[in-house]
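K.L.:
The structure is given below, and queries will be raised subsequently.
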Amino acid sequence: LLKFLLSLVHGFQLMMNVGAILCFIVYGISNAEDSQTLALGVMLIVVVFLTSAFQTYQEGKADKIMEELRALVADAVYVYRDGEITQVPADQITVGDIVQVKAGEKVPADLRILTAQDLKVNNASLTGENVDIKLGPNANHKRLYEAQNIARSGCNFTCGTGTGIVFATGDHTFFGQIAKSTV
């Protein structure tokens with residue numbers, strides 16, 4: 001409701017509201033004889049309300065999509081730092097960090113797999129294909145995101161354990177590029 005009310009007096013809608021008020025003033029000055037000016041004022045108000053309603057609806061959809069995308073991102077991850085493995089919030093990992101992963105975890109960033117023990121990932125959140133893909137340290141493909149040594153942010157590890165080096169985080173991940181293109 002607040003977004004809707006703010007959109008009524010923001011940007012171009014504000015100019016249209018001023019135009020409607022001027023139409024009503026002219027209608028009043030003309031002793032209620034200029035019905036076209038009254039109709040123009042009413043139409044401007046209707047257009048402002050419809051535009052604001054549509055804008056609020058679209059922003060609501062975009063906000064919902066962004067929340068759904070955020071839910072796909074890992075919360076915490078185990079990282080090798082200073083020779084020890086420590087758990088850190090996923091938003092604090094950086095390019096070059098070596099992370100430890102296991103079945104049931106979300107992929108915290110775009111990773112190049114260094115070691116894998118029966119490690120599998122499900123890329124359904126990105127590709128729509130609900131198929132587990134076995135990962136390992138060998139690329140086996142020239143295209144980066146087709147290689148079997150790449151785990152993409154927003155996907156889930158379904159089996160095994162492994163380690164990987166972070167090569168992209170946040171908006172720079174494959175998933176982040178998709179998220180940016182939807183808003």
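The values are calculated or read from the model by the stated rules, or taken from the named source; none is laboratory data. Being a predicted model, the structure only gives us computed values, none of them experimental. Using ideal geometry, Cβ is built from the backbone for each residue, glycine included, and neighbour counts are taken over all protein chains shown. Remember, those area values only see protein heavy atoms, side chains included, never the ligands or the DNA or RNA. Shrake-Rupley method; radii C 1.70, N 1.55, O 1.52, S 1.80 Å.
K.L.:
May I ask you to list pairs of residues, at least six apart or on different chains, whose Cβ atoms are under 9 Å apart, with the first in the stretch 1-19 being open to solvent by less than 50 Å² (accessible area, probe 1.4 Å) and the second being charged (D, E, K, R) and at pLDDT 85 or above?
P.N.:
Ser7/Glu59
K.L.:
Please enumerate the residues belonging to the stretch 132-178 that are closer than 19 Å to Val95 by Cβ and either among the acidic types (Asp, Glu) or over 23 Å from the mean Cα position of the chain (by Cα) (or both).
P.N.:
Pro137, Ala139, Ala147, Asn149, Gly162, Thr163, Gly164, Ile165, Asp171
K.L.:
Looking at the stretch 78-90, can you tell me whether even one residue there is of a type in the set (Val, Ile, Thr), touching a residue at least 60 places away in the same chain (Cβ under 8 Å) and either open to solvent by 10 Å² or more (accessible area, probe 1.4 Å) or under 25 Å from Lys61 (Cβ atoms) (or both)?
P.N.:
Checking the stretch 78-90: not a single residue is of a type in the set (Val, Ile, Thr), touching a residue at least 60 places away in the same chain (Cβ under 8 Å) and either open to solvent by 10 Å² or more (accessible area, probe 1.4 Å) or under 25 Å from Lys61 (Cβ atoms) (or both).
K.L.:
Sort out which residues of the stretch 132-165 are assigned to a loop (DSSP other than H, G, I, E, B), open to solvent by less than 60 Å² (accessible area, probe 1.4 Å) and of a type in the set (S, T, N, Q), and write them in order of number.
P.N.:
Matches in the stretch 132-165: Asn149, Ser153.
Conditions tested, residue by residue: (1) at pLDDT 90 or above; (2) of a type in the set (S, T, N, Q).
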position	(1), (2)
Gly104	no, no
Leu119	yes, no
Gly128	no, no
Leu144	no, no
Ala147	no, no
Gly164	yes, no
Gln177	no, yes
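K.L.:
Ala116 passes all but one of (1) more than 20 Å from His172 (Cα to Cα); (2) not in a strand (DSSP E or B); which number fails?
P.N.:
Of the numbered conditions (1) more than 20 Å from His172 (Cα to Cα); (2) not in a strand (DSSP E or B), the odd one out for Ala116 is (2).
K.L.:
Taking the criterion of being assigned to a strand (DSSP E or B) and open to solvent by 60 Å² or more (accessible area, probe 1.4 Å), would at least one residue in the stretch 101-110 satisfy it?
P.N.:
Yes; the residues of the stretch 101-110 include at least one that is assigned to a strand (DSSP E or B) and open to solvent by 60 Å² or more (accessible area, probe 1.4 Å).
Residue-by-condition table, conditions (1) among the charged types (D, E, K, R); (2) in a helix (DSSP H, G or I); (3) at pLDDT 95 or above; (4) on the phi > 0 side of the Ramachandran plot:
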residue: Phe4; (1), (2), (3), (4): no, yes, no, no
residue: His10; (1), (2), (3), (4): no, no, no, no
residue: Asn17; (1), (2), (3), (4): no, yes, no, no
residue: Phe24; (1), (2), (3), (4): no, yes, no, no
residue: Gly28; (1), (2), (3), (4): no, yes, no, no
residue: Glu59; (1), (2), (3), (4): yes, yes, no, no
residue: Lys64; (1), (2), (3), (4): yes, yes, no, no
residue: Val73; (1), (2), (3), (4): no, no, no, no
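K.L.:
How many residues does the stretch 106-117 hold that are at pLDDT 90 or above and within 17 Å of the chain's Cα centre (by Cα)?
P.N.:
1
K.L.:
Which condition from (1) part of a helix (DSSP H, G or I); (2) within 30 Å of Gly164 (Cα to Cα) is the one that Val79 breaks?
P.N.:
(1)
K.L.:
Among Ala103, Ala116, Ala124, Ala90, which is the only one that is within 23 Å of Val79 (Cβ to Cβ), hydrophobic (A, V, I, L, M, F, W, C) and touching a Cys at 6+ places or on another chain (Cβ under 8 Å)?
P.N.:
The unique qualifying residue is Ala103.
K.L.:
Output the residue which, of all residues in the stretch 111-131 that are among the small types (Gly, Ala, Ser) and under 23 Å from Val95 (Cβ atoms), is least open to solvent (accessible area, probe 1.4 Å).
P.N.:
Ala116
K.L.:
Another question about this same structure. Given (1) open to solvent by less than 60 Å² (accessible area, probe 1.4 Å); (2) under 27 Å from Gly170 (Cα atoms), identify the lone condition not met by Ala53.
P.N.:
(2)
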